[in-house]
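Chemist: Here it is, the structure in full.
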């Protein structure tokens, strides 16, 4: 039994639990959907009868004032107003006792005239003034009510419910159920990892280490805490090892005492016993207790995922509706179009995160990573709460600045925490845990945020984001305090201006940064975070749909990210992955040339997610491949620091550029412009790399 076997058992157990959860969620989703679908049509009929009754009452009052029923004024305008307020009503008509249409508004279905004149319908209207059983005519369910004054029957009012609208409501509900299913699945995995996964994984590793040492003949004990799983079993195994270890020490002492005794007092066979003892010492391992520092670091490292996920989730909740919320707070700013003003809070957020991170790194080193994460979450929580109460876009800029400072502080502190509790051998796994938490939050946040904004409103959703940010502090308090683990780490320093200038004029560095990293971030923030939410709402869709579209981006990143990272381990694939990722992202924008439907926006999000997942790991690896001389001269921290800084500036520039292009071109053409720009950068990157390689190939030849 080894660590790999125990880990397989853990994942099998997790898989069984997830299958049970998925089965329960699917059953619940199916039952909920069927119940909603069955209840929706009767509820629509009740609403049509209620609204129709109000309209009928107005007509009856007019007739009561001795106005002829056939000559009522502004009836069709009243019908139109009712339909505007109730989009599910496709048609409203009033007929006389013979079934002839007197007033109507909306789309009349073929066969409606014949239905209104049916003797059976007229007979039922004469018998009862209540709403009849809904009758399907074409693509409408028509509810009919009798119109009478003082016992004199005047005719009927007919309200047509659009079947397509009902189907769309059911479809929207199904989408929401599927979104909640996916999000619940990810939430369950995170909760399992937080509640049991960390302790269980650490316990399994500890138990496996004890078994491995026993199998290898190592009877020393490892000092471990008492809060892990399987501790009783581990203690029993270690007590046996301790007993064997103690017996060996006693035997060694007895033989040593016998060897030091006078020659005439030595027992026979002492040399044989000494030889056997030496062979035992060579074959097995005995001695004092040892500290298993690697396992304790693994346990501490795993604890950062839950608070990071919770905090990033708070920011991601606002992603799908933030541009629309900003539009509602617009005030005229001389010289600036409203498209640019909508992008300003997003640009400011990205810019603060970009510029503050290098300096906040030193602050986090000074006050400690755990404390910095708590401070950052508190600052962001205040920012979310104040954003909920924003009056204009001007004070919103201040509150979003608080959110940006908090976000940058938590992000930098989490990175530093990972560095403290990892070594070069397991650093990639540590950052995979870090990125995984962010990606899962990216999947869950926008979709749930869109649903909440549609049903509760945008301001209450900001309040929920603030509660989640403050709630993450409770989880952060469970992180170990900064101590000796971080003492040996060298504090990071911001890159100097001279170093930034040198890299800005470095051809190899700027080929990767200017033609790959920055364009990738431009299309991510400009299209996904700015254009998509605004465009989806502008074509008549909902904030929930905008959240679902952004969720598809996150899902593709979660699925394809690890696969692309595996491909990027081969150096020959990296440049191809970067170029392919840029072209795929650019194609997502260019597809909007075909049609401006919401489905095409979904495909664009999928393509951008696919392109980003292909290039993100390869880009980072290419920095070390292309800039070896610069790294040797300045250090990898400086080179990567400038690379990340320029990448984040690309993040900040995306919404601003999108706003400017939207003024000139409009939403749909801006998608295309971004796609063409990124596609051109991908082609230029490929050609430039080819040209840079050619002299090297000639010289080698």
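Chemist: Which of (1) assigned to a helix (DSSP H, G or I); (2) in contact (Cβ under 8 Å) with a residue 40 or more places away in the chain; (3) closer than 23 Å to residue 167 by Cα is the odd one out, the single condition residue 50 does not satisfy?
Modeler: All conditions are met except number (2).
Chemist: I'd like to check something: does the stretch 116-125 contain any residue that is surrounded by 19 or more Cβ atoms within 10 Å (Cβ to Cβ), assigned by TED's automatic domain parsing to the domain that holds residue 69 and modelled with pLDDT of 85 or more?
Modeler: yes
Chemist: Quick check, is residue 574 in a helix (DSSP H, G or I), touching a helix residue (DSSP H, G or I) at 6+ places or on another chain (Cβ under 9 Å) and within 30 Å of residue 359 (Cβ to Cβ)?
Modeler: Values: in a helix (DSSP H, G or I): yes; touching a helix residue (DSSP H, G or I) at 6+ places or on another chain (Cβ under 9 Å): yes; within 30 Å of residue 359 (Cβ to Cβ): no.
Judged against the criteria, residue 574 is not a match.
Chemist: Out of the residues in the stretch 138-168 that are within 32 Å of the chain's Cα centre (by Cα) and buried (at least 16 other Cβ atoms within 10 Å of the Cβ), which is nearest to residue 86 (Cα to Cα)?
Modeler: So the residue we want is 165.
Chemist: If you check 689, 683, which single one turns out to be at pLDDT 90 or above, touching a helix residue (DSSP H, G or I) at 6+ places or on another chain (Cβ under 9 Å) and either farther than 11 Å from residue 526 by Cα or not assigned by TED's automatic domain parsing to the domain that holds residue 590 (or both)? Before the answer, list the steps.
Modeler: On the way: 689 fails: at pLDDT 90 or above.
Matching residue, one of 689, 683: 683.
Chemist: With the structure loaded, tell me whether residue 92 is assigned to a strand (DSSP E or B) and either loosely packed, with under 14 Cβ neighbours inside 10 Å or touching a residue at least 60 places away in the same chain (Cβ under 8 Å) (or both) or whether it fails that test.
Modeler: Details: assigned to a strand (DSSP E or B): yes; either loosely packed, with under 14 Cβ neighbours inside 10 Å or touching a residue at least 60 places away in the same chain (Cβ under 8 Å) (or both): yes.
Yes: the conditions hold for residue 92.
Chemist: Ok, one more. Could you tell me which of the residues 554, 586, 547, 561 is touching a helix residue (DSSP H, G or I) at 6+ places or on another chain (Cβ under 9 Å), touching a residue at least 12 places away in the same chain (Cβ under 8 Å), within 15 Å of residue 322 (Cα to Cα) and in the same structural domain as residue 670 (by TED's automatic domain parsing)?
Modeler: Details: 554 fails: within 15 Å of residue 322 (Cα to Cα); 586 fails: within 15 Å of residue 322 (Cα to Cα); 561 fails: within 15 Å of residue 322 (Cα to Cα).
When all the criteria are applied, what remains is 547.
Chemist: (1) within 30 Å of residue 663 (Cβ to Cβ); (2) modelled with pLDDT of 90 or more: which one isn't true of residue 410, the others all being true?
Modeler: With (1) within 30 Å of residue 663 (Cβ to Cβ); (2) modelled with pLDDT of 90 or more applied to residue 410, the lone miss is (1).
Chemist: Of everything in the stretch 56-86, what is closer than 30 Å to residue 173 by Cα and in contact with a strand residue (DSSP E or B) (Cβ under 7 Å, 6 or more places away or on another chain)? Give them in sequence order.
Modeler: If we filter the stretch 56-86 for residues that are closer than 30 Å to residue 173 by Cα, which is where we start, we get 79-86.
If the condition is that a residue be closer than 30 Å to residue 173 by Cα and in contact with a strand residue (DSSP E or B) (Cβ under 7 Å, 6 or more places away or on another chain), then 79, 80, 82, 83 are the ones that fit.
Chemist: Being at pLDDT 85 or above and either assigned to a helix (DSSP H, G or I) or under 24 Å from residue 553 (Cβ atoms) (or both) is the requirement here; does residue 362 meet it?
Modeler: Values: at pLDDT 85 or above: no; either assigned to a helix (DSSP H, G or I) or under 24 Å from residue 553 (Cβ atoms) (or both): yes.
Considered against the rule, which asks whether it is at pLDDT 85 or above and either assigned to a helix (DSSP H, G or I) or under 24 Å from residue 553 (Cβ atoms) (or both), residue 362 comes out as no.
Chemist: All but one of (1) over 22 Å from the mean Cα position of the chain (by Cα); (2) at pLDDT 85 or above; (3) not in a loop (DSSP other than H, G, I, E, B) hold for residue 329, so report the exception by its number.
Modeler: Checking residue 329 against (1) over 22 Å from the mean Cα position of the chain (by Cα); (2) at pLDDT 85 or above; (3) not in a loop (DSSP other than H, G, I, E, B), the one that fails is (3).
Chemist: Something else about it: Just to be sure before I move on: is residue 390 under 20 Å from residue 468 (Cα atoms), surrounded by fewer than 20 Cβ atoms within 10 Å (Cβ to Cβ) and in contact with a helix residue (DSSP H, G or I) (Cβ under 6 Å, 6 or more places away or on another chain) in the structure I sent?
Modeler: Values: under 20 Å from residue 468 (Cα atoms): yes; surrounded by fewer than 20 Cβ atoms within 10 Å (Cβ to Cβ): no; in contact with a helix residue (DSSP H, G or I) (Cβ under 6 Å, 6 or more places away or on another chain): yes.
Answer is no for this residue.
This table checks each residue for (1) part of a helix (DSSP H, G or I); (2) at pLDDT 80 or above; (3) surrounded by fewer than 24 Cβ atoms within 10 Å (Cβ to Cβ); (4) over 20 Å from the mean Cα position of the chain (by Cα).
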{"site": "422", "(1), (2), (3), (4)": "no, no, yes, yes"}
{"site": "435", "(1), (2), (3), (4)": "yes, no, yes, no"}
{"site": "445", "(1), (2), (3), (4)": "yes, yes, no, no"}
{"site": "449", "(1), (2), (3), (4)": "yes, yes, no, no"}
{"site": "470", "(1), (2), (3), (4)": "yes, yes, yes, no"}
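Chemist: Okay, moving on. May I ask you to verify whether residue 383 is under 21 Å from the mean Cα position of the chain (by Cα) and modelled with pLDDT of 90 or more?
Modeler: Details: under 21 Å from the mean Cα position of the chain (by Cα): yes; modelled with pLDDT of 90 or more: yes.
Here the answer is yes, as residue 383 does meet what is asked.
The values are calculated or read from the model by the stated rules, or taken from the named source; none is laboratory data. What you see is a predicted model; the values in this text were computed from it and never measured. Quick reminder, even Gly has a Cβ in these numbers, built from the backbone with ideal geometry, and neighbours come from all protein chains shown.
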